[in-house]
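Chemist: Below you'll find the structure I mean.
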Amino acid sequence: MLVWLTRHLQTLVGALGDLSRSPFSSILSISVIAIALALPGGLFAALENINKFTSEFEHGAKISLFLAPQVSVKQATELQQSIQQHASIKLVELITPDQAMEEFKSRSGLQNALNSLTSNPLPVVLLAYPKDEIARSAEKLARLIDELGKLKQVELSQFDLEWIKRLTALLELVTRAVWIIAFILGLGVFLVIGNTIRLAITNRQEEIRIIKLIGGTDAFVRRSFLYSGMLQGLLGGLLALLIIFLLFSFISAPTSSLSSMYGIAFSLDPLHFLPSLLLVSSGALIGWLSARVTVGVYLRQFEPGK
Amino acid sequence: MLETSLRLCSIKKTKMLIEFSNVSKRYPEGHEALRDISFVIEKGEMVFLAGHSGAGKSTLLRLVTLIEHATRGQVIVNGQNLGRLKRRKIPYFRRQIGMVFQDHKLLHNLSVFDNVALPLIVSGFHPRDLRRRVHAALDKVGLLNRDRAKPITLSGGEQQRVGIARAVVNRPSLLVADEPTGNLDAGLSDEIFDLFHDFNYHGVTVLVATHDLRHIERLGKRSLTLSDGRMVLQANTAA
Ligand SMILES: Nc1ncnc2c1ncn2[C@@H]1O[C@H](COP(=O)(O)OP(=O)(O)O)[C@@H](O)[C@H]1O
Ligand SMILES: [Mg+2]
């Protein structure tokens, strides 16, 4: 175990040494990798922030349930309590016909006309506030509205923030587009690292040949290249994080002051810990995979001639 | 009677280290470098491979060390039929052989010590015993005090002795050398060949290619002579 560990440590240090031996080209390729990783990483962070921004509205998202006219306030209170138990519901408010009438009168300016009514034609209304994770998903929200609308006491269920639904759907589309960009750029990183590994193999051809002559296995030869590929991806990922962080802090102050002008307390979040970790480790993983494939292809030239 | 001859036969078989049977080698470019070669080298032998430049000596050694595959015929080394050896088994096969090259093939970014340690490192040798083994090998070639030097700072003869230390550090049963003294003057050549002779004395089978007949006569060992890819002479010049 210790032998195994020290050997891997030695290879890692050796790979670091290889990178530092040609600092210019290493910095160049790591920068290219960083930019390719920073773009999708930054877009994902931006999407996160837009989601956060719209969820400020979603906190107020409510479903209005207009109950059937024959449902009494007492029955409505029971219904309120049972809907309150629903897993997707945060809170249910009850508005009696009297309260509704009062509000209607004060708002509509039809006070006199309404005063002449002998009975109150308004139904009981329940305002159901869905939980945030429901409000964030157009699909789940639609299902909830539908479900509540099917209750026999409910005559009509209505969701007010139609535009949020549209925005959420749009964001889903954009998220997919960003995934495609991420995939393409990830492929770019794969090729960039593959190319540096190919160059390294060419530069170290004689060394590889000698190692194979004295009984080094493919795995032994591969190891230092795998570390080198992984290290480039890792360093590229870290640099990408730095770029995203700098960009965000650059636009963070104007964003806050802009949103405060609209009376919204909104501040930009840079990438959180988990997405950051994901970014760096996918850089490392792409580097490792790329080195694995490249070495696999180029080690064939060292096989015995037929 | 039959039984004893069978036993003799099997003893003889285990004593065989290298066996070529009707071996030919044609390079992809079409040049036939070896034609219909057959010979046997037994364990503990020291054999010279002689012949003019271009006769096929290096090619023959490349077949023994599986740097190249034979085009026709059968090569058996250490009981293994090299034509049937699986690709991933090749490194383990090579660890049984020490190789010495005319151009030393040292790694110039590594110290003398690390160069000699390399065969042990690639075979996963325990680091605890590594230092002792490397020093023993360097001591044998008289370079114990140069272990920290870079190969480039050594003379040609010293570099070749580092190559020899590297070849024997794994204690191989077979030592193969391709014109190891090609670039050295007579005095240094003698030292190198005396080293090989000494390893052979201690039980290592040695196969050396050289076009310098002087050593063959001086050490009085068996020699195989190639000419244009054919075996023209198997002579025993034992004094
Ligand atoms: N890799 C190769 N590809 C094609 N031809 C080769 C190769 N190596 C050697 N040869 C040819 O094979 C013949 C034998 O070469 P070689 O085995 O190197 O002879 P020697 O070591 O006795 O000088 C020569 O004619 C040489 O040109
Ligand atoms: Mg030769």
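The values are calculated or read from the model by the stated rules, or taken from the named source; none is laboratory data. The model shown is predicted, which means the values in this text are computed figures rather than measured ones. Here Cβ is always computed from backbone atoms with ideal geometry, including for glycine, and neighbour counts include all displayed protein chains. For the accessible areas, the whole protein counts, side chains as well, though only heavy atoms, and no ligand, DNA or RNA atoms are used. Shrake-Rupley method; radii C 1.70, N 1.55, O 1.52, S 1.80 Å.
Chemist: Of all residues in segment B:82-108 being more than 8 Å from chain A (Cβ to nearest Cβ), farther than 18 Å from B:LEU138 by Cα and in a loop (DSSP other than H, G, I, E, B), which is least open to solvent (accessible area, probe 1.4 Å)?
Modeler: Step by step, filter segment B:82-108, then rank; the result is B:LEU82.
Chemist: Show the residue pairs that are 6+ apart or on different chains and have beta-carbon atoms under 6 Å apart, the first residue being within segment B:34-46 and more than 14 Å from every other protein chain (Cβ to nearest Cβ) and open to solvent by less than 10 Å² (accessible area, probe 1.4 Å), the second being β-branched (Val, Ile, Thr) and within 16 Å of ligand 1 (Cβ to nearest atom).
Modeler: Pairs that qualify, where the first residue is more than 14 Å from every other protein chain (Cβ to nearest Cβ) and open to solvent by less than 10 Å² (accessible area, probe 1.4 Å) and the partner is β-branched (Val, Ile, Thr) and within 16 Å of ligand 1 (Cβ to nearest atom), are B:ILE37/B:VAL23; B:ILE41/B:VAL47.
Chemist: Could you list all residues from segment B:184-229 that are open to solvent by 70 Å² or more (accessible area, probe 1.4 Å), outside any helix (DSSP H, G or I), more than 16 Å from ligand 2 (Cβ to nearest atom) and of a type outside the set (Asp, Glu)?
Modeler: B:HIS202
Chemist: Go over the candidates A:ILE134, A:ILE83 one by one and state the one that is assigned to a helix (DSSP H, G or I), modelled with pLDDT of 85 or more and among the aliphatic types (A, V, I, L, M).
Modeler: Numbers: A:ILE134 fails: modelled with pLDDT of 85 or more.
When all the criteria are applied, what remains is A:ILE83.
Chemist: Note down all Cβ pairs under 6 Å where the first residue falls in segment B:117-131 and is at the interface with chain A (Cβ under 7 Å from one of its Cβ atoms), the second is of a type in the set (Gly, Ala, Ser), and they're at least six residues apart or on different chains.
Modeler: That search, which allows pairs on different chains as well, returns B:VAL122/A:GLY215; B:VAL122/A:GLY216; B:SER123/A:GLY215.
Chemist: Taking the condition within 14 Å of chain B (Cβ to nearest Cβ), touching a residue at least 12 places away in the same chain (Cβ under 8 Å) and more than 19 Å from the chain's Cα centre (by Cα), does A:SER157 pass?
Modeler: Details: within 14 Å of chain B (Cβ to nearest Cβ): no; touching a residue at least 12 places away in the same chain (Cβ under 8 Å): yes; more than 19 Å from the chain's Cα centre (by Cα): yes.
When the stated conditions are applied, A:SER157 does not pass them.
Chemist: Considering only residues of segment B:66-81 that are among the β-branched types (Val, Ile, Thr), surrounded by fewer than 22 Cβ atoms within 10 Å (Cβ to Cβ) and within 13 Å of chain A (Cβ to nearest Cβ), which is nearest to A:PHE220 (Cα to Cα)?
Modeler: First, pick out the residues of segment B:66-81 that are among the β-branched types (Val, Ile, Thr): B:67, B:71, B:75-77.
Next, only the ones that are surrounded by fewer than 22 Cβ atoms within 10 Å (Cβ to Cβ) stay: B:67, B:71, B:76.
Retained after the next criterion (residues that are within 13 Å of chain A (Cβ to nearest Cβ)): B:67, B:71.
Values: B:ILE67: 18, B:THR71: 29 Å.
Selected residue: B:ILE67.
Chemist: Kindly evaluate B:THR71 against the criterion of being touching a Leu at 6+ places or on another chain (Cβ under 8 Å) and within 16 Å of ligand 1 (Cβ to nearest atom). So that I can check it myself, show each step before the final result.
Modeler: Working: touching a Leu at 6+ places or on another chain (Cβ under 8 Å): no; within 16 Å of ligand 1 (Cβ to nearest atom): yes.
It is false that B:THR71 is touching a Leu at 6+ places or on another chain (Cβ under 8 Å) and within 16 Å of ligand 1 (Cβ to nearest atom).
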